[in-house]
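> Quick one: the structure is below, and I'll ask about it shortly.
The values are calculated or read from the model by the stated rules, or taken from the named source; none is laboratory data. Since this is a predicted model, take the numbers as computed values, not measurements. Cβ sites come from the backbone with ideal geometry, for glycine too, and all protein chains shown count toward neighbours. Please note that ligands, DNA and RNA were not included when accessible areas were found on the heavy atoms of the full protein model with its side chains. Shrake-Rupley method; radii C 1.70, N 1.55, O 1.52, S 1.80 Å.
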Amino acid sequence: GYMDKEISIGNESIVNILLSEDMQSLDEVVVIGYGVVKKSDLTGSVSRVSTEKLNNLPVSSIDKALQGRAAGVQVSSLNGAPGSGTSIRIRGGNSISANNEPLYVIDGFIGGGDLNSINPTDIESIEILKDAAATSIYGSRGANGVILITTKKGKEGTNKINVGFYQGWQSLPRKLPFMNGQERAQYANDYADFNGSPHPFPDINQVTDTDWQEEITRTAPVTNADISISGGNKDFQHYISGNFFNQEGIYKSSGFTRYQLRINLDKKLFDWLKVGVQTNASSLHKNNAKIDYYSGMRLALTCVPVKNENDRYTNANPVNGELFNNPVAMNKLVQNDTYTKRFLGNFYVELNPIKNLVIRSTVGADYLSAKTEQYQPGVLPARQDQQKGGLAKLDYRNYFALLNENTVNYSFDITNDHRFNLLAGMTVQKEE
């Protein structure tokens, strides 16, 4: 509610700063549940992230765009894999054993949509309900806070075409400091001397030096391209956008790809009747990492070559004879892919029979089809030596939810500075 201010500080030991009220910010309209209010009228704690702060951010999903942009909201990446999710905590965790994730509401759809399936440039604003007032609208599901996501709509005026593209690269900031091949072999020989055992590496000069981190990592490109068309007149507004996002992982053979299409339409049939539709369709492909970085590097000794003299991937530890998963073989031979298709759509009818009375009915559908394909071939060294043959796994999941929401909103001005607002709503959601 106050203006930003920058001042220069010299040798002063005490600095007095007086902030001016930001009246424009207090008049800002904020979405809260079924309706909208001015910031100055809010009694609960709400943070708002506008489209100006979301544009031109090189992020793959909305949750990553929230990092550091809302007070009291902690956003942590679960891991660095492409397409991985995040953990969001609003004012800390509320339970030791239960889920602490907030409730997501996307264009009025409660709990709908995978955040990876939405193009961040389609977002108009994000409101975060941070206190117990959220439970008065969403019940116990809002106990951990609520994140309201509103996508862009067409506006009256000339058609606008926006095209965006960026290309970037990712790489390891640094490598883990492992001993080189000869140092590791000498360490193994010294350890054998201590135990009175024969040297596992009789000739140190013949020992190879394998940089496993170099073998399984790369400088990975990130590509994003999107286009949107928006505009309309006083009776019809449209917003149509498409997005392609591809992020190759620093791990070789890992990555994330998204194809996405959004259509938002609003049509005024009569002065008292308005209809609209908001849809988002996406196709995601996640190429999951095959090995854990640290454990894979720890078990694959730098004094062991990638392949032996028979051109087979090595998988035996020469120090203790135990088998290990060759990181290069795992990257090249193992398959681990997740394919996800998702559709999220809302259709609404809005009636305004008399002045200040708005009756709105919304029907929404959320459909998800996801499968994960995993395959370890019989030629994988660890499986070949144990004569286990190939191993295949398939996880398949279908999800469908239908939402019906009906609201009645009546408001009128008591005075120039005070307004009376009456809101009633009912929501029914079925999941399969």
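> If we scan the range 216-228, do we find a residue that is part of a loop (DSSP other than H, G, I, E, B) and open to solvent by 20 Å² or more (accessible area, probe 1.4 Å)?
Within the range 216-228, one or more residues are part of a loop (DSSP other than H, G, I, E, B) and open to solvent by 20 Å² or more (accessible area, probe 1.4 Å).
> Is it the case that residue 283 is in a strand (DSSP E or B) and surrounded by fewer than 17 Cβ atoms within 10 Å (Cβ to Cβ)?
Criteria met by residue 283.
> Quick test for you: out of 294, 339, pick the one residue that is under 24 Å from residue 256 (Cα atoms) and at pLDDT below 85.
On the way: 339 fails: at pLDDT below 85.
294 is the lone residue from the list that is under 24 Å from residue 256 (Cα atoms) and at pLDDT below 85.
> Taking the condition of being open to solvent by less than 100 Å² (accessible area, probe 1.4 Å) and β-branched (Val, Ile, Thr), how many residues in the range 149-188 meet it? Steps first, answer last, please.
As a first pass, look at the range 149-188 and keep what is open to solvent by less than 100 Å² (accessible area, probe 1.4 Å): 149-154, 157, 159, 162, 164, 166-168, 170-172, 175-176, 178-186, 188.
With the extra rule that they be β-branched (Val, Ile, Thr), the set shrinks to 149-151.
So the count comes out to 3.
> Right, here's the next one. Anything in the range 309-333 that is open to solvent by less than 20 Å² (accessible area, probe 1.4 Å) and either assigned to a strand (DSSP E or B) or out of contact with any helix residue (DSSP H, G or I) (no Cβ under 6 Å at 6 or more places or on another chain) (or both)? List them, or say none. First the steps, then the outcome.
Narrowing the range 309-333 to residues open to solvent by less than 20 Å² (accessible area, probe 1.4 Å): 314-315, 324, 326-331.
Correct list: 314, 330.
> Yes or no: the range 135-146 includes at least one residue that is open to solvent by less than 50 Å² (accessible area, probe 1.4 Å), part of a strand (DSSP E or B) and not β-branched (Val, Ile, Thr).
So in the range 135-146, the residues open to solvent by less than 50 Å² (accessible area, probe 1.4 Å) come out as 138-139, 142, 144-146.
Keeping just the survivors that are part of a strand (DSSP E or B) gives 146.
Filter again for not β-branched (Val, Ile, Thr), leaving none.
No, the conditions are met nowhere in the range 135-146.
> Please indicate, with yes or no, whether at least one residue in the range 98-111 is farther than 23 Å from residue 429 by Cα, in contact with a strand residue (DSSP E or B) (Cβ under 6 Å, 6 or more places away or on another chain), part of a strand (DSSP E or B) and open to solvent by 20 Å² or more (accessible area, probe 1.4 Å). Write out each step before concluding.
If we filter the range 98-111 for residues that are farther than 23 Å from residue 429 by Cα, which is where we start, we get none.
No, because not a single residue in the range 98-111 is farther than 23 Å from residue 429 by Cα, in contact with a strand residue (DSSP E or B) (Cβ under 6 Å, 6 or more places away or on another chain), part of a strand (DSSP E or B) and open to solvent by 20 Å² or more (accessible area, probe 1.4 Å).
> Taking the condition under 31 Å from the mean Cα position of the chain (by Cα), in contact (Cβ under 8 Å) with a residue 24 or more places away in the chain and assigned to a loop (DSSP other than H, G, I, E, B), does residue 291 pass?
Details: under 31 Å from the mean Cα position of the chain (by Cα): yes; in contact (Cβ under 8 Å) with a residue 24 or more places away in the chain: yes; assigned to a loop (DSSP other than H, G, I, E, B): yes.
Spelling it out, residue 291 is indeed under 31 Å from the mean Cα position of the chain (by Cα), in contact (Cβ under 8 Å) with a residue 24 or more places away in the chain and assigned to a loop (DSSP other than H, G, I, E, B).
> Quick check on the range 167-175. Is at least one of its residues part of a strand (DSSP E or B), at pLDDT 90 or above and hydrophobic (A, V, I, L, M, F, W, C)?
So the first thing to find is which residues in the range 167-175 are part of a strand (DSSP E or B), and the list is 167-170.
Within this subset, residues satisfying the condition of being at pLDDT 90 or above are 167-170.
Filter once more, so that each one left must be hydrophobic (A, V, I, L, M, F, W, C): 169.
For the range 167-175, residues part of a strand (DSSP E or B), at pLDDT 90 or above and hydrophobic (A, V, I, L, M, F, W, C): present.
> For the range 380-414, what are the residues that are in contact (Cβ under 8 Å) with a residue 40 or more places away in the chain, of a type outside the set (Asp, Glu) and loosely packed, with under 13 Cβ neighbours inside 10 Å? Walk me through it before giving the result.
Quick first cut of the range 380-414, residues in contact (Cβ under 8 Å) with a residue 40 or more places away in the chain only: 380-382, 385-386, 401, 403-412.
This time we only want the ones that are of a type outside the set (Asp, Glu), so: 380-382, 386, 401, 403-404, 406-412.
386, 412, listed by residue number.
> Output yes when any residue across the range 37-55 is within 30 Å of residue 292 (Cα to Cα), at pLDDT 70 or above, open to solvent by less than 50 Å² (accessible area, probe 1.4 Å) and not in a strand (DSSP E or B), and no when none is.
Start the filter on the range 37-55 by keeping residues that are within 30 Å of residue 292 (Cα to Cα), which leaves none.
No.
> Condition first: open to solvent by 30 Å² or more (accessible area, probe 1.4 Å) and among the hydroxyl-bearing types (Ser, Thr, Tyr). Now tell me which residues in the range 286-308 satisfy that.
If the condition is that a residue be open to solvent by 30 Å² or more (accessible area, probe 1.4 Å) and among the hydroxyl-bearing types (Ser, Thr, Tyr), then 293, 294, 295 are the ones that fit.
> Based on what the data block shows, is residue 193 out of contact with any His (no Cβ under 9 Å at 6 or more places or on another chain) and either of a type in the set (Gly, Ala, Ser) or over 30 Å from residue 341 (Cβ atoms) (or both)? Spell out how you get there, then give the answer.
Values: out of contact with any His (no Cβ under 9 Å at 6 or more places or on another chain): no; either of a type in the set (Gly, Ala, Ser) or over 30 Å from residue 341 (Cβ atoms) (or both): yes.
The answer is no for residue 193.
> Can you go through 356, 421 and tell me which one is open to solvent by 70 Å² or more (accessible area, probe 1.4 Å) and touching a Ser or Thr at 6+ places or on another chain (Cβ under 6 Å)?
Numbers: 356 fails: open to solvent by 70 Å² or more (accessible area, probe 1.4 Å).
Checking each option against the conditions leaves just 421.
> Take residue 368 and tell me if it is surrounded by 17 or more Cβ atoms within 10 Å (Cβ to Cβ), aliphatic (A, V, I, L, M) and under 30 Å from residue 317 (Cβ atoms). Quick ask: steps written out before the conclusion?
Details: surrounded by 17 or more Cβ atoms within 10 Å (Cβ to Cβ): yes; aliphatic (A, V, I, L, M): yes; under 30 Å from residue 317 (Cβ atoms): no.
No; evaluated as a whole, the condition is false for this residue.
> Which one is nearest to residue 343 (Cα to Cα), of the residues in the range 57-97 that are among the charged types (D, E, K, R) and open to solvent by 30 Å² or more (accessible area, probe 1.4 Å)? Steps first, please.
Narrowing the range 57-97 to residues among the charged types (D, E, K, R): 63-64, 69, 89, 91.
Going one step further and asking which of them are open to solvent by 30 Å² or more (accessible area, probe 1.4 Å), we end up with 64, 69, 89, 91.
Values: 64: 22, 69: 28, 89: 27, 91: 31 Å.
So the residue we want is 64.
> Do the conditions hold for residue 340, that is, is it open to solvent by less than 30 Å² (accessible area, probe 1.4 Å), in a strand (DSSP E or B) and farther than 30 Å from residue 355 by Cβ? Show your work before the answer.
Details: open to solvent by less than 30 Å² (accessible area, probe 1.4 Å): yes; in a strand (DSSP E or B): yes; farther than 30 Å from residue 355 by Cβ: yes.
Yes: the conditions hold for residue 340.
> May I pose another question? Could you please let me know if residue 241 is in contact (Cβ under 8 Å) with a residue 12 or more places away in the chain and not in a strand (DSSP E or B)?
Numbers: in contact (Cβ under 8 Å) with a residue 12 or more places away in the chain: yes; not in a strand (DSSP E or B): no.
It is false that residue 241 is in contact (Cβ under 8 Å) with a residue 12 or more places away in the chain and not in a strand (DSSP E or B).
> Go through (1) at pLDDT 90 or above; (2) aliphatic (A, V, I, L, M); (3) over 30 Å from residue 218 (Cα atoms) one by one and return the number of the condition residue 358 breaks.
(1)
> Something else now. Name the residue, out of 317, 326, 280, that is farther than 30 Å from residue 245 by Cα and either touching a residue at least 40 places away in the same chain (Cβ under 8 Å) or in contact with a strand residue (DSSP E or B) (Cβ under 7 Å, 6 or more places away or on another chain) (or both).
Details: 317 fails: either touching a residue at least 40 places away in the same chain (Cβ under 8 Å) or in contact with a strand residue (DSSP E or B) (Cβ under 7 Å, 6 or more places away or on another chain) (or both); 280 fails: farther than 30 Å from residue 245 by Cα.
Of 317, 326, 280, the one residue that is farther than 30 Å from residue 245 by Cα and either touching a residue at least 40 places away in the same chain (Cβ under 8 Å) or in contact with a strand residue (DSSP E or B) (Cβ under 7 Å, 6 or more places away or on another chain) (or both) is 326.
> Any residue at all in the range 344-363 that's closer than 19 Å to residue 284 by Cβ and polar (S, T, N, Q)?
Taking the range 344-363 as the starting set, the residues that turn out to be closer than 19 Å to residue 284 by Cβ are 344-345.
Cutting the leftovers down to polar (S, T, N, Q) gives us none.
So far as the range 344-363 goes, no, none of its residues is closer than 19 Å to residue 284 by Cβ and polar (S, T, N, Q).
> So, of the residues in the range 261-280 that are at pLDDT 95 or above and within 18 Å of the chain's Cα centre (by Cα), which turns out to be surrounded by the most Cβ atoms within 10 Å (Cβ to Cβ)?
262
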